[in-house]
Amino acid sequence: MLNIIPVLDLMNGIAVSGKSGSRNTYLPLKTVFSSSPDPYSISKSLKMNGANELYIADLDLIEKKDHNLDSIKMMNSVIPLILDVGVRNFDSFKFFLDFAFKVVVATETIESMEEFHRIFDKFPKERIVVSVDVKNNELYNVSDDFNLSLDEFKEELIAISPNEIILLDISRVGTGSGVNIDLFNKFRDFKSSLILGGGLRKNDLNSVENLGVRSVLVGTDLHNGKISLNSYSL
């Protein structure tokens, strides 16, 4: 059965929600799993309702404004976390391993392929999740020293063979616009390692499972009750 991984975005100490990566418009999260946007309470409820891991994005750390590491460490004691904190290099990856079971190395924030390779050369693949961040169908990165195309990065992944690869269409986050099939087809050879994210809806899940994908990231439709963790409808 398809593994549904809940998504929580953290900002200023609470869980928040927004669309298409426009972080200045994010609002406190309204979720069926808690009466408040307190991330620790939500994580406990998700665990009780069948989640076996949880994807956390610390938006404050990604934007280098603040952090939510105290809450994150508490949450990781309840449920294993896949933590996205805007890792930029080897040293930051090593530091954040103390706070979560797995740490994301995202194309959005990694400084260079040299740092990317240093991480894979040193740490076990079980602790690393690669995030292929795509915006407007192009590989998204904010560093001047990381200038690979989507096809070039795909070739790097073939050589490295990561255990888990998040395929994230940032422009679809929170929109409910469905899976980017063209993007999936480009990475179809990795399907057993892929975690699909960005705009997934309830009626996408059966088709995604039929494609051979094992895991998906779901935020909006999970928190509003359209999808449950144990089945595709409540």
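The values are calculated or read from the model by the stated rules, or taken from the named source; none is laboratory data. Predicted model, so just to flag it, every value in this text is computed and none were measured. Backbone-built Cβ (ideal geometry, glycine too); neighbour counts: all protein chains shown.
Counting only helices (runs of 4 or more DSSP H) that sit wholly inside segment 1-93, those with at least 3 residues that are under 22 Å from K226 (Cβ atoms) are 39-48. Right, I170: modelled with pLDDT under 95 and of a type in the set (A, V, I, L, M, F, W, C) or not? Yes, satisfied. Answer with yes or no whether V104 is part of a strand (DSSP E or B) and more than 14 Å from the chain's Cα centre (by Cα). In short, no. Among the numbered conditions (1) among the β-branched types (V, I, T); (2) under 28 Å from F120 (Cβ atoms); (3) modelled with pLDDT under 95; (4) more than 15 Å from the chain's Cα centre (by Cα), the only one that T25 does not meet is (2). Listed conditions (1) of a type outside the set (A, V, I, L, M); (2) free of Cβ contacts under 8 Å to residues at least 40 places away in the same chain; (3) surrounded by fewer than 14 Cβ atoms within 10 Å (Cβ to Cβ) are all met by N137, apart from (2).
Only one residue in F123, F95, F101 is within 30 Å of I42 (Cβ to Cβ), out of contact with any helix residue (DSSP H, G or I) (no Cβ under 6 Å at 6 or more places or on another chain) and surrounded by fewer than 15 Cβ atoms within 10 Å (Cβ to Cβ), so which one is that? Steps first, please.
Working: F123 fails: surrounded by fewer than 15 Cβ atoms within 10 Å (Cβ to Cβ); F101 fails: surrounded by fewer than 15 Cβ atoms within 10 Å (Cβ to Cβ).
Among F123, F95, F101, only F95 is within 30 Å of I42 (Cβ to Cβ), out of contact with any helix residue (DSSP H, G or I) (no Cβ under 6 Å at 6 or more places or on another chain) and surrounded by fewer than 15 Cβ atoms within 10 Å (Cβ to Cβ).
If you go through segment 172-207 and keep only what is within 21 Å of L8 (Cβ to Cβ) and surrounded by fewer than 19 Cβ atoms within 10 Å (Cβ to Cβ), you end up with T175, G176, S177, R201, K202.
Residues that are assigned to a loop (DSSP other than H, G, I, E, B) and either touching a Cys at 6+ places or on another chain (Cβ under 7 Å) or under 26 Å from K94 (Cβ atoms) (or both) within segment 129-181 comprise Y140, N141, V142, S143, D144, D145, F146, N147, L148, S161, P162, N163, listed in sequence order. Here R118 passes the criteria (1) part of a helix (DSSP H, G or I); (2) among the charged types (D, E, K, R); (3) at pLDDT below 95 except the one numbered (3).
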